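What follows is a set of notes on a single structure, which appears directly below.
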């Protein structure tokens, strides 16, 4: 089911909550946004166009390869460790770093394999209708619905659209509920997915370490004056403000007072400080983003992330077709709960905030500031690459020689020198680095090269322990994270794949989608228009 059709901006696989993209990379969809900011609340119009590819699998065996070194179609594949060309084995990951607990809890939702345990493998589309196929390759629910969405709770139930209504159904098609209440339940499901996507898009997951009564307040108006009520609908702040710009968060809300000033108030309605702009977001982990008033900007492109983040049938870490903004032309800044400017919008460019801080460019130099507004990576002649939010790592490109290196966002130290032509994060423990004519899969824990191929080959992001290696839309190979080749598409059947999820990958062959397992065997024959592994 294409969840984005149900008002989710992005619902994609989270193949490794880690790597969001700060800089340019290839994209599977394009997006443009036009925003006009005046001295009144921001008006925003957004257009998103996305090309989505799904997969299906079917069951007939395919030959596998057990050797860890082979040559095929002029592509050299090898497994090695230590020094290769100019590569020096250096551990990249910090043994002391621990991902935020909030990311771990969300990951548990993403990694939920309960559908598989129930024998339900994927949603399938055939002749314009959606159904469900099982782990044995057999149809469990005949394609008959206009659209179908697995429940986020992974309880084996689905939200299915008929010509007349939306139904919450069991795998046998029996109806649990339908109509108005079902729409409401489905909306909650979608909103939960969207919130997870938003929180994970930059790794800055909201941590509610302190709970404030005001965080549950709701704004209401009487005769064009605004106030707030609590969860029991009791008035706690009398209507007195001209406008309310944000809801309460961390005991702060932003409003327009009777003098036309944008101010922050606390849960008692007391004015605290004036805000630099009325284009401001609610507080998140102690910081609020504000934007300077500019007449117009164009989003610099929403790029597909090398390691995506999102939630859908292709979920999991380090997959995807997810989005994350590059620097988008917004003149943003950040203030703390006391109203002090931590990062000034007067800088040349400020990227969206992450759990560790954000990129800041000023006077042509790019550096990385922590959440207190201090440079953790001093400004230099850099371009921005990918950021791994799980491991607190950032790729920077040295503009003097065009090479990429990796920095630790907690210490500010460079952990990989500027010796590679490019670096991409493809799992929580693997990077792909290009040097000269070769492309290397590197174990970040040991620094060793575990797989080598030519630079014209693509090593996709991992789903669990597996990924695909290919040249464009051909020459597909399946490898594990040790670099072992498990299957090679000798007959050139495959034209497209999706990242593995729970040991399965959607695979396109002869214009139709099927599903393969980690041995390169068809579990679902390629006969469907679209397939989404659950």
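Nothing in this text is a laboratory measurement; each read-out follows from the coordinates by a stated rule. Predicted, not measured: the structure shown is a model, and the values here were computed from it. So basically every Cβ, Gly included, is an ideal-geometry build from the backbone, and we count neighbours across all protein chains shown.
Overview of results
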| quantity | calculated |
| --- | --- |
| Per residue convex hull volume, Cα atoms of the stretch 439-524, in Å³ | 81 Å³ |
| At 1.567 mPa s and 4 °C, Stokes D of the stretch 343-455 from Kirkwood alpha-carbon radius, µm² per second | 89 µm²/s |
| Ordering of 91-98, 342-349 by burial proxy (mean other Cβ atoms within 10 Å per residue, highest first) | 342-349, 91-98 |
| Förster radius 60 Å - calculated FRET efficiency between residue 162 and residue 411 (Cβ-Cβ, nearest 0.05) | 0.60 |
| Percent RCO, i.e. relative contact order, over the stretch 124-199, from Cα pairs under 8 Å lying at least 6 residues apart | 18 percent |
| Sorted by Cβ neighbour density within 10 Å, fewest at the top, the residues 250, 142, 243 | 142, 243, 250 |
| Extension gain, residue 347 back to residue 493 (0.36 nm per residue minus Cα-Cα distance, nm) | 47.4 nm |
| FRET E, pair residue 336, residue 117, Förster distance 60 Å, beta-carbon r, rounded to 0.05 | 0.85 |
| Translational diffusion of the stretch 365-416, µm² s⁻¹ [Kirkwood Rh, Cα pairs; Stokes-Einstein; 10 °C; 1.306 mPa s] | 145 µm²/s |
| Segments 508-515, 182-189 sorted - mean Cβ within 10 Å per residue, highest first | 508-515, 182-189 |
| Estimated translational D of the stretch 213-284 in µm²/s (Stokes, Kirkwood radius over Cα pairs; 37 °C; 0.692 mPa s) | 277 µm²/s |
| Rel. contact order, % - alpha carbon contacts under 8 angstrom, at least six apart, the stretch 213-284 | 24 percent |
